[in-house]
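Structure, as structure tokens:
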Amino acid sequence: MKAVILVAGKGTRLHPLTLTRPKHLVPVGGKPIIDHILTALKNAGINEVVFIVNYMAERLQHHLGDGTKYGMKFEYAVQKQLNGTADATSFAEPFMKKDFLLTYGDWLTTSDAINAVLKIHRKEKPAATMAVVSVENPEHYGIVELENSFVKAIVEKPHRDEAPTNLANAGIYVLSTEIFEAIKHTEQSPRGELEITDSLSLLLEEGHKIAAAKLSSSEMFDVGLLWDLFEANRWVLEKTKPKKEGQIEDASHLISPITIEEGARIRSGTYIEGPVFIGKDSDIGPNCFIRPYTSIGQKVRIGNACEIKNSIIMDKTHIGHLSYIGDSIIGENCNFGAGTTIANYRLDGRSVKMKVKDKVLDTGRRKLGVVLGDDVKTGINALFMPGVKVGNNCWIGPNVVVYRDVPPNTIIMFKQEQGQRKKL
């Protein structure tokens, strides 16, 4: 069986990280999201994948190639305009002669979950099978109503009191080629897009059976917002088999589970409490404290006496000595001056808010630092307030306190409200 993975979206809710990369290449647990999905597919016995691409398609294709490095076979189709999941799925039609698996490129899952959906589809032989999972807030999801383990109806984001069940669409489908005819008759949703769930509803109206596979919430994770990346990182690290292949100097103290890749160096006096991932050729210490649920990419340098907590540090970033990074996501090729500090806790103890697509959202997290894009530089003793986002290619001067979001290509050398100007 072939798989189709939808990776065309722009991932605007993950700005500034997705200004310079597709959402599916954002790393969690030391690897891009898409790599974890491919591992699950391969372990479930699926070796052929068709990717539906659009945004930064060249970068995705460069990373994935023809599948050889994964021991798989990859093909690509371009969704010409971003017009919804049903429209994206339609571009897979030339590649499909029989039933196929469909999933999204930002939904982490396990091989057990995929196998569970495949097992039910092979047993029942319906027109389609979809995975469902119990959720606490059904008003935020597409909700599936069942009758004797088959789908009766799909309701998109119902009012909480009107939700027929708490079973949400879990984003894994096995579809017959009948779906392509249904897509041709699918009308635009209120969002102005062609939705795959509407195509499935058409199959139901025509009398086709759609089976449901109930999954555990522990078997999948949807990365929709920036702060979801912390839980996704935790989700992956807790499933990662630890290994220590790098150089670990005497007087370092490591509490497993910890992965240290080949070429990495842990200098004397460093204390690491897992689960933690440290990528190839990174250099940590001396005298650093790396706290749980931290992922450090390749060729990262973390200087003397730094503390890193529950964070994702991407490739080739340099954290200067005496710095503190807590509950934060730091892009590639950043350079922090000595003593850079990230505040991750509000003085009033309330949950941190973050601006997403011109809306201020409550993250529900009492501990949340910053999200920095690629190529950000800070001077000594720069300080960031909780929930701030900084775009790529910015400079933050010494002793500057950053209180609010900074757009890309900006220099701030004095007080933020007085010293902000466009970078030439």
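The values are calculated or read from the model by the stated rules, or taken from the named source; none is laboratory data. These numbers come from a predicted model, not from an experiment. Here the Cβ positions follow ideal geometry from the backbone for every residue, glycine too, while neighbour counts run over all protein chains shown.
Being surrounded by fewer than 18 Cβ atoms within 10 Å (Cβ to Cβ), touching a Phe, Trp or Tyr at 6+ places or on another chain (Cβ under 9 Å) and either closer than 30 Å to Thr18 by Cβ or not assigned by TED's automatic domain parsing to the domain that holds Ser218 (or both) is true for just one of Glu93, Glu124. Which residue is that?
Just one listed residue meets the conditions, Glu93.
If Lys241 satisfies all but one of (1) in contact (Cβ under 8 Å) with a residue 60 or more places away in the chain; (2) not small (Gly, Ala, Ser); (3) not in a helix (DSSP H, G or I), what's the number of the condition it fails?
Every condition holds for Lys241 apart from (1).
Which one of Pro407, Pro398 is over 16 Å from Ile329 (Cα atoms) and touching a residue at least 60 places away in the same chain (Cβ under 8 Å)? Spell out how you get there, then give the answer.
Values: Pro407 fails: touching a residue at least 60 places away in the same chain (Cβ under 8 Å).
After ruling out the rest, the residue left standing is Pro398.
For a quick check of your reading of the model, give me the residue pairs whose first member lies in segment 175-192 and is loosely packed, with under 14 Cβ neighbours inside 10 Å, whose second is polar (S, T, N, Q) and not in a helix (DSSP H, G or I), with beta-carbon atoms closer than 9 Å and at least 6 apart or on different chains.
That search, which allows pairs on different chains as well, returns Gly192/Asn83.
Give the residues of segment 158-196 that are modelled with pLDDT of 95 or more and of a type in the set (S, T, N, Q), sorted by residue number.
Once the filter is applied, which keeps residues that are modelled with pLDDT of 95 or more and of a type in the set (S, T, N, Q), segment 158-196 yields Ser176, Thr177, Thr186.
Only one of Ile37, Ile5, Ile52 is β-branched (Val, Ile, Thr) and part of a helix (DSSP H, G or I). Can you tell me which? If you could, list the steps in order and put the result at the bottom.
Details: Ile5 fails: part of a helix (DSSP H, G or I); Ile52 fails: part of a helix (DSSP H, G or I).
After ruling out the rest, the residue left standing is Ile37.
Just one of Leu204, Leu229, Leu175 is in contact with a strand residue (DSSP E or B) (Cβ under 9 Å, 6 or more places away or on another chain) and within 23 Å of Leu372 (Cβ to Cβ); which is it? Break it down into steps so the answer makes sense when it comes.
Working: Leu204 fails: within 23 Å of Leu372 (Cβ to Cβ); Leu175 fails: within 23 Å of Leu372 (Cβ to Cβ).
So the residue among Leu204, Leu229, Leu175 that is in contact with a strand residue (DSSP E or B) (Cβ under 9 Å, 6 or more places away or on another chain) and within 23 Å of Leu372 (Cβ to Cβ) is Leu229.
Yes/no matrix, rows are residues, columns are (1) in contact with a His (Cβ under 8 Å, 6 or more places away or on another chain); (2) buried (at least 19 other Cβ atoms within 10 Å of the Cβ); (3) in a loop (DSSP other than H, G, I, E, B):
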| position | (1), (2), (3) |
| --- | --- |
| Ile272 | yes, yes, no |
| Phe277 | no, yes, no |
| Pro286 | no, no, yes |
| Ser295 | no, yes, no |
| Met354 | no, yes, no |
| Val360 | no, no, no |
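Any chance segment 140-150 includes a residue that's part of a helix (DSSP H, G or I) and under 20 Å from Val223 (Cβ atoms)? Break it down into steps so the answer makes sense when it comes.
As a first pass, look at segment 140-150 and keep what is part of a helix (DSSP H, G or I): 140.
Right, trim to under 20 Å from Val223 (Cβ atoms) and you get 140.
For segment 140-150, residues part of a helix (DSSP H, G or I) and under 20 Å from Val223 (Cβ atoms): present.
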